[in-house]
Amino acid sequence: MATAPVVTVDGPGGAGKGTIARAVARRLGWHFLDSGAIYRLLALASLRSRTAADDLAALDAQARALDIAFPTHGANADEVMLDGDTVTAAIREEACGERASVLAALPIVRAALLERQRAFRGPPGLVADGRDMGTVVFPDAEVKVFLTASVEERARRRHKQLMEQGVSANLAGLLEELRARDERDMNRPVAPLKPAEDAITIDSTGMAIDAVINRVLALVHERCGTTGAE
Ligand code: DC
């Protein structure tokens, strides 16, 4: 069975994965999967329904039933929707990120979301952004990138991004939260954050966004022989 090519972009929070992966997908004309948004959507759904973070049966059911849609065109283009509501900003709030990190450490939640993530693979190709895209979800991906940056740089970027979205944030607090989240994401027993053995690590500290995008596109060209839609 022929399968569509996949580029995975994994790494810690705030390394610029979203920006890079989205831009690469756009340049190639490929599908895009923001797997973190799925964990955040589940986090928001569980907060809204007041489901406890240790009610595994309820979380499993919620994950399987979750309405996962990321419209790419139409009135809600680029918005994240939950039960018909636009939740693009709500899922980016720190409370939601915190809950997402807790839920992401639960094997039952990861198992419930696995096939749903794989369903995003389709022609002409997929760019998938997350923590375990290259290690667990798409182990046969053609190109695997592990994108990192120093924790200080990641906190500064997240701070800037939140301010631009009109969300108030405190830099020192963000730094602490990122450190705690890194710790949890890297040390959880299931799908810990680590580079796949065949991943290429790119440290984006001090690198311009375009330079990172071009590096990834060059890898895609090398491995998949495509320069994309543009
Ligand atoms: O990338 P992000 O900040 O939107 O991700 C939110 C949380 O979900 C974060 O704590 C890591 C987790 N996550 C994960 O465990 N696996 C993924 N593939 C994507 C995100």
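When region 36-47 is filtered for residues that are modelled with pLDDT of 95 or more and either touching a strand residue (DSSP E or B) at 6+ places or on another chain (Cβ under 8 Å) or polar (S, T, N, Q) (or both), the ones remaining, listed by number, are Leu41, Leu44, Ala45, Ser46. Among the residues of region 121-176, those identified as acidic (Asp, Glu), in a helix (DSSP H, G or I) and over 19 Å from Ile91 (Cα atoms) are Glu152, Glu153, Glu176.
Looking at this structure, is Gly130 within 27 Å of Val109 (Cβ to Cβ), modelled with pLDDT of 90 or more and more than 10 Å from the ligand (Cβ to nearest atom)? Explain how you work it out, then say what you get.
Values: within 27 Å of Val109 (Cβ to Cβ): yes; modelled with pLDDT of 90 or more: yes; more than 10 Å from the ligand (Cβ to nearest atom): no.
No; evaluated as a whole, the condition is false for this residue.
The values are calculated or read from the model by the stated rules, or taken from the named source; none is laboratory data. Since the model is a prediction, treat every value here as computed from it, not as a measurement. Cβ sites come from the backbone with ideal geometry, for glycine too, and all protein chains shown count toward neighbours.
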